[in-house]
1. In Å², and per residue, what accessible area does segment 94-171 have when probed at 1.4 Å with the other protein chains present?
2. Please report the carbon-and-sulfur percent of the accessible area for the chain; probe 1.4 Å, protein heavy atoms only, DNA, RNA and ligands left out.
3. Compute a Gaussian network model of the chain, connecting alpha carbons closer than 10 Å, and tell me which residue from ARG305, ARG289, ARG18 fluctuates the most.
4. Kirkwood hydrodynamic radius for segment 173-275: how many Å is it when counted over pairs of different Cα atoms?
5. Give me the percent of DSSP beta bridges within the chain that run antiparallel, rounded to the nearest 5.
6. Please give the helix 350-361 orientation as an angle from the longest Cα principal axis of the chain, in degrees from 0 to 90, rounded to the nearest 10.
7. Rounded to whole Å and ordered largest first, report the semi-axes of the equivalent ellipsoid of segment 144-191 derived from its Cα gyration tensor (root of 5λ).
8. Would you tell me the accessible area of LEU360, worked out with a 1.4 angstrom probe on the heavy atoms of the protein chains, in Å² to the nearest 10?
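The values are calculated or read from the model by the stated rules, or taken from the named source; none is laboratory data. Values in this document were obtained by computation on a predicted structure and should not be read as measured data. No Cβ is skipped: glycine too gets one built from the backbone with ideal geometry, and neighbour counts run over all protein chains shown. These accessible areas exclude ligands, DNA and RNA; they are computed on the full protein's heavy atoms, side chains included. Shrake-Rupley method; radii C 1.70, N 1.55, O 1.52, S 1.80 Å.
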Amino acid sequence: MNKIKLYSNCKVSKGFIRSIIIDLQREIFFFAPNNIGYIFDGLTEHNASDETLNSNISFLLQNKLAFIAGFPFNSKSTLSKTINCYSDISNLTLILDNIRDPEYIQSLFDQVNINQCNALLIISAPPINIAEVEKVLKLLNHSKIRSVQIITKYPHEGTFAAEEQMIHTYKRVVSILYYDAPLNQASNVGVYEQVLKITSTITFDMVVNRPVQAHHFICNIPFFNESLAYNPFYYKKAVVNVDGQVFVALHSNEAIGDVKKRNLAEIINDKTLFEFAFTSKIKIDVCKRCEFKNICPDNRVPNKRPNGSWYHDTECDYNPFIAKWKNENGYQTLSDCGIICNETGFKIDRKRLKIINHLLWKC
């Protein structure tokens, strides 16, 4: 007898309405019914006349998500569950206005270098001073940081000759984004075709409080593995300003540490300060019912209730209880669906939700 087996690089993530099958090798996902799991528990001969069963099996085989294995099946092929353990800081965000203490910036980079940081984001709410950015880039000459992204407000004057020259000079700069611009323009500059982008469709608030959308999803092995135990958006990520203050996130106003007084890696790996970074979406109300929980780089900081459970005080643009995105036909908020999720707890009006889903999906 034969059995249907998922390839080891394919993982099922179950949501409230539907599931997705994530192909971590091809970095894509496919929607699937929530009962897709029964196929892997039963034999292909079981209910072979069942149209739904045969349709689901065909779907899995045609999309190369599964294969038919001889029974009994004994395979040692498994997906690596290794999580990035060679670095204490993987990404650094530097909030830059002007450099008042070059020695501090150098010591900061020395710290992140020791901790194997490989990516730097330089961000500024007002138009950035290119001369200040170059001061930072010069300090990276012997750094292990491999990529630098720059996000800043459109200056509304002058040309971008200095930026283009900087990209040619400093190969680590992979992109520069100017937001709040009066025009939209993008070009590839330098030997490595780094991106210089000017856009009118993005504001600083959108950069800082970016609502997650489907095109943000990350379907790869490192992200998936981190999502099982951590919050991948914040795990081993640091946000620091030019004065050495450490913040939970870009949209935070209150500093929770000072690099001049304590090592940065110690601060961001302190579970009393960054407990949310060590909290998987599987433990967060609403998120735990979402099929996208293992591929979603959500930048909202979750809150912990006195009883130890977790929740978000703002809604995501996707409602997993009706499988609808905001601005999509049929979308309703959590409260419209009879779902309460706040500091007091989590509650579902299942009768109301069932009626809504019946009207939406005729199920």
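1. 49 Å²
2. In the chain, the share of accessible area belonging to carbon and sulfur is 51 percent.
3. Sorting by GNM fluctuation, first place goes to ARG305.
4. Here the Kirkwood hydrodynamic radius works out to 16.5 Å.
5. Just about 55 percent of them are antiparallel.
6. 90 degrees
7. One finds semi-axes of 20, 12, 9 Å for segment 144-191.
8. Around 50 Å² of this residue is reachable by solvent.
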